[in-house]
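Novice: Please see the structure below; I have some questions.
Every read-out reported here was derived from the displayed coordinates using simple, explicitly stated rules and does not represent laboratory data. This is a predicted model, so every value here is computed, not measured. Methodologically, a virtual Cβ is constructed for each residue, glycine included, from the backbone with ideal geometry; neighbour enumeration extends over all protein chains shown.
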Amino acid sequence: MDWLAEFIHQHGLGLGLLAVFVGGLALNLTPCVYPMIPVTLAFFSSQAALSMSRPSDVFRRAVLLATCYVLGLSLNYAILGLIAAKTGALFGSWLQQPAVLLVIAAIIVALALSMFGFYDVRLPSSLTQRFSRASSGYGGAFVMGLVVGIIAAPCIGPFVLSLLLLVSQLGNPVVGFLLFFMLGLGMGTPYLVLGVAANRVGRLPKAGPWMVWSKSVLGVILLGLALYFLRPLLPDRLLRAVVIVWLAAGGVWLGWLQPVDTRSKRFRAVRQVLGVVFLMGALTWGWPQPPAGPRVAWQPYTDTAFQRAQQQHQPVLIDIYADWCAPCVEMDHFTFRHADVVAALGSFATLRLDVTSSVSLEGQRLLQQYNIFGAPTILFFDRSGTERTELRLMGFVPAEEFLRHLRRLEEKR
């Protein structure tokens, strides 16, 4: 979700909310959510039939039912966002601890195995059928919206988890509530349309071979997501080898080996194209890399080093870093090894506070004084010793964007 944080920073919260809304729409295509559509249609059809016989009354009741359903779905996620933002540093740092990363990766792998058909992760069918036969009016629609968020968890959990981490880093309860409320609205909007048109929709495309294959695609993607969470804990060479195997095996399986009972030439072509894309990714990762270039000369953060730079009227950059923080490692491997970035920081006092295991008293004072919620966080101080709060970075940014921040700092030196 680093891209979303940067997107909000560049384009404002309004467009960021729109991006999350679109993401919520896309999540309806996942195999955990799609099967709930017929259940939802049955619910709205049965409920609309309870109203008066006039078409206008049926339509009004269907709209109200669908609205309650979407509100239930949206509030379910909005409360999560509010909690993450209120806990701030506690939640963010907890999600980045090595033991937690291992648990998250294990859960994601378990979800991936369910996508491959080893077992099913779902609510009991009796409970699902009960909701489809519900007759509790608007309250039932609201509760059903709450439950759909739970049913969708096996497929959208990683997305929600990443958004929770972003919200915890932002530390703004209002923004956290709005981001997750828009996620719920995005997921719920198709149901609002279906609820209104419940009596006109005859049938949806059957969940045939394409659904089985799409579950495998999601399973392969989830395995890659597990590798992403494990990235800070694995040596570079081992991680590189595992990623190559993941891409190559995933491409061969999805493109050619997975048994799918279909004669559609178009579907076969889509499979093979995706398989080739994965194999190209494996080839790219396996291609010999050029020697590592220069890197930023970091000094351990101390109050003395910080005060000395301020006394010398030197611009200061403070990087909050941890070995177990994936965006931190990514910044260190790419952005801070870019030749232009290294050259531009030559006139800076570059201080790094390493929070991998324990934090010194000086570091704790820094985190408290500047309201730092987690790693990575990068602070920019001008020659007068004043932090340029509008330039503060949280999460990974590429070299080009980082250089733009440095130029903005240079403008008012």
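Novice: Would you please give the FRET efficiency between Glu411 and Asn172, computed as 1/(1 + (r/R0)^6) with r the Cβ-Cβ distance and R0 = 30 Å, to the nearest 0.05?
Specialist: Details: r = 27 Å, r/R0 = 0.90.
It comes to 0.65.
Novice: Using 0.36 nm per residue, how much length does the chain from Gln299 to Ile79 gain when fully extended, once their Cα-Cα distance is taken away? Spell out each step's value before the answer.
Specialist: Details: separation 220, 0.36 × 220 = 79.20 nm, distance 4.08 nm.
Working it through step by step, the gained length comes to 75.1 nm.
Novice: Each label point is 7 Å from the Cα along the Cα-to-Cβ direction; what then is the distance between the points at Val245 and Val193, in nm?
Specialist: Calculated label separation equals 4.3 nm.
Novice: On full extension of the chain, what length is gained from Leu15 through Leu102, given 0.36 nm per residue of separation minus the C-alpha to C-alpha distance?
Specialist: Working: separation 87, 0.36 × 87 = 31.32 nm, distance 3.35 nm.
In short, 28.0 nm is gained.
Novice: Cβ neighbours within 10 Å, averaged per peptide: list 259-267, 348-356 in order, most packed at the top.
Specialist: Values: 259-267: 10.4, 348-356: 19.4.
Peptide ranking by packing, descending: 348-356, 259-267.
Novice: If you stretched the chain out fully between Leu25 and Leu361, how much longer would it get, using 0.36 nm times the residue separation minus the C-alpha to C-alpha distance?
Specialist: Numbers: separation 336, 0.36 × 336 = 120.96 nm, distance 4.59 nm.
Stretched out fully, the Leu25 to Leu361 stretch lengthens by 116.4 nm.
Novice: Also, quick follow-up: Given labels modelled 7 Å from the Cα in the Cβ direction, how far is it in nm from Leu283 to Asn371?
Specialist: That separation, rounded to one decimal, is 5.1 nm.
Novice: Still on this structure, please answer the following. For a protection proxy built on the mean count of beta-carbon atoms within 10 angstrom, sort 246-255, 70-79, 383-392 highest first, please.
Specialist: For the peptides 246-255, 70-79, 383-392, the packing ranking is 70-79, 246-255, 383-392.
Novice: Near Leu234, within a Cβ-to-Cβ distance under 12 Å, what is the net charge of the other residues, with Lys and Arg +1 and Asp and Glu -1?
Specialist: Working: positive: Arg231, Arg237, Arg240; negative: Asp236, Asp323.
Computed value for this residue: +1.
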